[in-house]
Amino acid sequence: MNQNFYQPINGQIVDIIDESPTIKSFVVVPEEEFKFETGQFVELTLPGVGEAPFTPSSSPADSEKMEITIMNAGRITALLHQCDKGQKVGIRGPFGNGYPIDDFVGKEIYIVGGGVGLAPIRSLFLTLIDRIKEFKSVVCRFGARTPDDFIYKNTLFGSWQSIAGVDMKLTVDEANNDWDGNVGVVTTILAQDDVDVANSAAVVCGPPIMMKYALLKLLEFGFSDENIYLSMEKNMSCGIGKCGHCMLGKYYVCKDGPVFTYGQIKKYPEIWD
Amino acid sequence: METVFISKLKPFLDAVAEQMELYVPKKTGRHFVYSKYNPSTETVVEFNNIRTCVPAKEFLFPVRELAATSPKSLDLKDIKPFAVFGLKDCDLRSIEILDKVFADDEFQDPFYVALRENIFIISGDCTEIGESCFCNLFNGRAFAGGGFDLNISKINDGFIIEAGSQKGQGFIEGHRSLFADVPEALLAERNENRARVQNQLEQNNTELQLNTTLREVVENSQNSEVFDVESQNCVECQACTRVCPTCHCFYLYDTKLQSYFAKMKMWDSCMRTGFAAVAGGANPHKVLGDRIKHRFMHKFVYFLDRYGIDMCVGCGRCVDADPSEMDMRTVLRKLSEEFKDKKEANVTK
Ligand code: SF4
Ligand code: FES
């Protein structure tokens, strides 16, 4: 019958985690069963106020709750940042395609991320390490402006550093006294011999400028257009390919994305605008 | 399916109105605008010569509608059948386009679908052409080819009514006494009328005949300055997207009504500055010329690539609505000239 995709289901924020000066994670419990695949996004409604699109940062395997990491960057996100535990929310979705995990099997997965782009990547990462034996390796190259700006610090600086099959390197644009890692933009920690390019898939998610330069590096390393997966940001509204807000050439980012191979979208001139 | 004759429109429209709410075109100034038909007060019934000023899309895609509520979910309401008279071929083809977006994929818009299933479409042949009509560029015609329940052709002594769907056929069968058979001569008259108006249409647009596809022209205009130059004529009123029968962008916004929260669905326009802006502030279409370019790309390239048809029916409403000098035909003509020059330059190189 006629399903109303505009209708959110009810949910509640049960916990809020400060991730960085501008970023918080919200733990949301939906009142009804809600399933998603890693990389898909949801529309989070603040009732009576508005809604905005986010890719959950938690693992889809956790069916009880979902984590959504939000940077304070606009009207709705600023209001979400003012919310307390117990806040009622609405959830629509999930929308779009997820990461094609099954296509990754047997490969090395090269994940390049930065800033709040680590949110979708965290969900992907958790999904991958659940099945880590199926992949040759998971190679992570993450950047942030300063050490403080990294999100998921506890796990990122802690347990994620020593998972068998995972090779993790971090960098910051500007160091502070506690930082003994690399200093420089994320492309400075990308190296040709990080992975066996011919047998790898690359995943890139972060601010447009970072994605643009990371992409150039990956192409230089010899990655094919079809093996580079980009998470595109647009101002999604409906989520179902109707409202026209998220167009990228002939694609609706909400429905055909948000994950695209570079090959799919490279002919459109405005991908990084 | 059947074709019948009736000498006057009023008894026919009265019969429709007896069954369901009916909307008809009313002449207001130079234009036709839809209004509700009331059999007891309506004495003169007009047969609109050309398309109405505002398209029929509002009947299927209202300017603003309630899309969801919380905490209690919205119950989808039952829609009663209703009829709209006066659509032209361009209108029928624009509904085909809206169907592709709202009804033909795995994510149907339940509000559109409910209205679409309940609309009874009574179209009519164009008895002349509008100055801005250029539908022939999109294989459009001055008479309906399909997509109607009933179609009406005006002839000297009355009207020929043709059924185009089971619903339409059912109406004719249910109202036998209203109709008479159509003599061959009247059908011939109809065909002559159609050919005459179609010819006018083609004469009107000789300047716009391209020897290549619009898709090719527009796709190759990515770096053209025409959009920026022409944008100087645009006052950003968004009238073009509002009167367009195929433009369907909307946005969802949340508000509080009496005792519950509501999510509303409301028309939007890609001509609006912030239309494509993301939360972080980035905006691929900050410049007006880029928005106009996007509008053309969407209509003539992207939509075609996705759905297999142009997202323009050539009705010319945007030309009429524009308070300034912006004219889609001029833009297309300039782009095609530019494209031709570029091509020739490449050949001589
Ligand atoms: S109708 Fe004309 S002036 Fe108004 S927004 Fe459209 S192109 Fe610009
Ligand atoms: S968000 Fe509406 S079309 Fe993609």
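Below, the figures for the structure above:
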read-out: Residue check, B:D254 of a type in the set (D, E), surrounded by 19 or more Cβ atoms within 10 Å (Cβ to Cβ), within 16 Å of ligand 1 (Cβ to nearest atom) and more than 30 Å from B:N346 (Cβ to Cβ); value: no
read-out: Region B:307-329 residues that are within 14 Å of another protein chain (Cβ to nearest Cβ) and over 15 Å from B:E131 (Cα atoms), paired with ones that are among the basic types (K, R) and within 16 Å of ligand 2 (Cβ to nearest atom) (beta carbon under 8 Å, 6 or more apart); value: B:Y307/B:K100; B:I309/B:K100; B:D310/B:K299; B:M311/B:K299
read-out: Any hit, region A:249-267, residues being without any contact (Cβ under 8 Å) to a residue 24 or more places away in the chain and either more than 14 Å from chain B (Cβ to nearest Cβ) or within 16 Å of ligand 1 (Cβ to nearest atom) (or both); value: no
read-out: Residues (among the β-branched types (V, I, T) and surrounded by fewer than 17 Cβ atoms within 10 Å (Cβ to Cβ)) located in region B:192-209; value: B:T206
read-out: Given (1) more than 18 Å from B:Y23 (Cα to Cα); (2) surrounded by fewer than 18 Cβ atoms within 10 Å (Cβ to Cβ); (3) charged (D, E, K, R), number of the condition B:R141 does not satisfy; value: (2)
read-out: Contacts under 6 angstrom Cβ, first residue in region B:221-236 being under 17 Å from B:K343 (Cβ atoms), partner within 16 Å of ligand 1 (Cβ to nearest atom), 6 or more apart; value: B:S221/B:L335; B:V226/B:K334; B:V226/B:L335
read-out: Only one of A:G93, A:G74 that is small (G, A, S) and crowded, with 20+ Cβ neighbours inside 10 Å; value: A:G93
read-out: Enumerated strands (runs of 3 or more DSSP E) restricted to region B:81-163, each holding at least 3 residues that are out of contact with any Lys or Arg (no Cβ under 6 Å at 6 or more places or on another chain) and within 14 Å of chain A (Cβ to nearest Cβ); value: none
read-out: Test set (1) surrounded by fewer than 22 Cβ atoms within 10 Å (Cβ to Cβ); (2) within 16 Å of ligand 2 (Cβ to nearest atom); (3) not in a loop (DSSP other than H, G, I, E, B) - A:C254 fails condition number; value: (1)
read-out: Condition met for B:F32 (more than 14 Å from every other protein chain (Cβ to nearest Cβ), within 30 Å of B:E184 (Cα to Cα) and assigned to a strand (DSSP E or B)); value: no
read-out: Qualifying residue in region A:129-150 (condition: within 30 Å of A:N10 (Cα to Cα), in contact with a Leu (Cβ under 6 Å, 6 or more places away or on another chain) and either crowded, with 21+ Cβ neighbours inside 10 Å or touching a residue at least 12 places away in the same chain (Cβ under 8 Å) (or both)); value: no
read-out: Pairs where the first residue, in region A:178-198, is assigned by TED's automatic domain parsing to the domain that holds A:G113 and the second is part of a loop (DSSP other than H, G, I, E, B) and surrounded by 12 or more Cβ atoms within 10 Å (Cβ to Cβ), C-beta under 7 Å, 6+ apart; value: A:V183/A:A175; A:V185/A:D173; A:V197/A:F223
read-out: For B:P39: the one exception among (1) touching a helix residue (DSSP H, G or I) at 6+ places or on another chain (Cβ under 7 Å); (2) modelled with pLDDT of 95 or more; value: (2)
read-out: Filter result for the condition that a residue is in contact with an Asp or Glu (Cβ under 9 Å, 6 or more places away or on another chain), more than 15 Å from ligand 1 (Cβ to nearest atom) and of a type in the set (A, V, I, L, M), over B:V287, B:V313, B:V319; value: B:V313
read-out: Per-region count, region B:261-300, residues hydroxyl-bearing (S, T, Y) and at the interface with chain A (Cβ under 9 Å from one of its Cβ atoms); value: 0
read-out: The listed residue being within 27 Å of B:L332 (Cβ to Cβ) and within 18 Å of the chain's Cα centre (by Cα), out of B:G145, B:G124; value: B:G145
read-out: Residue count, region B:220-234 (criterion: away from ligand 1 (no atom under 13 Å from the Cβ) and crowded, with 19+ Cβ neighbours inside 10 Å); value: 3
read-out: Some residue of region B:94-113 being crowded, with 22+ Cβ neighbours inside 10 Å, assigned by TED's automatic domain parsing to the domain that holds B:E131 and over 30 Å from A:P8 (Cβ atoms); value: yes
read-out: Considering residues of region A:222-235 that are of a type outside the set (S, T, Y) and either surrounded by fewer than 19 Cβ atoms within 10 Å (Cβ to Cβ) or within 16 Å of ligand 1 (Cβ to nearest atom) (or both) only, the residue farthest from B:F107 (Cα to Cα); value: A:G222
read-out: All helices (runs of 4 or more DSSP H) inside region B:261-342 with 3 or more residues being of a type in the set (A, V, I, L, M); value: B:288-297
read-out: Some residue of region A:26-48 being among the acidic types (D, E), part of a loop (DSSP other than H, G, I, E, B) and within 13 Å of another protein chain (Cβ to nearest Cβ); value: yes
read-out: From B:R317, B:R272, residue being surrounded by fewer than 18 Cβ atoms within 10 Å (Cβ to Cβ) and either of a type outside the set (S, T, Y) or outside the structural domain of B:N233 (by TED's automatic domain parsing) (or both); value: B:R272
read-out: Out of A:M210, A:M236, sole residue that is within 14 Å of another protein chain (Cβ to nearest Cβ), among the aliphatic types (A, V, I, L, M) and assigned to a loop (DSSP other than H, G, I, E, B); value: A:M236
read-out: Matching entry among A:T171, A:T155 (being without any contact (Cβ under 8 Å) to a residue 12 or more places away in the chain and either in a helix (DSSP H, G or I) or surrounded by 14 or more Cβ atoms within 10 Å (Cβ to Cβ) (or both)); value: A:T155
read-out: Only one of B:C244, B:C249, B:C237 that is near ligand 1 (Cβ under 10 Å from one of its atoms), crowded, with 19+ Cβ neighbours inside 10 Å and at negative phi; value: B:C244
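Results for (1) within 16 Å of ligand 1 (Cβ to nearest atom); (2) assigned by TED's automatic domain parsing to the domain that holds A:Q40; (3) under 15 Å from the mean Cα position of the chain (by Cα), shown as yes or no for each residue.
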{"residue": "A:V204", "(1), (2), (3)": "no, no, yes"}
{"residue": "A:E220", "(1), (2), (3)": "no, no, no"}
{"residue": "A:S237", "(1), (2), (3)": "no, no, no"}
{"residue": "A:G244", "(1), (2), (3)": "yes, no, no"}
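The values are calculated or read from the model by the stated rules, or taken from the named source; none is laboratory data. Since the structure is predicted, the reported quantities are computational estimates derived from the model, not experimental observations. Note that we place each Cβ from the backbone using ideal geometry, even for glycine, and neighbour counts take in every protein chain shown.
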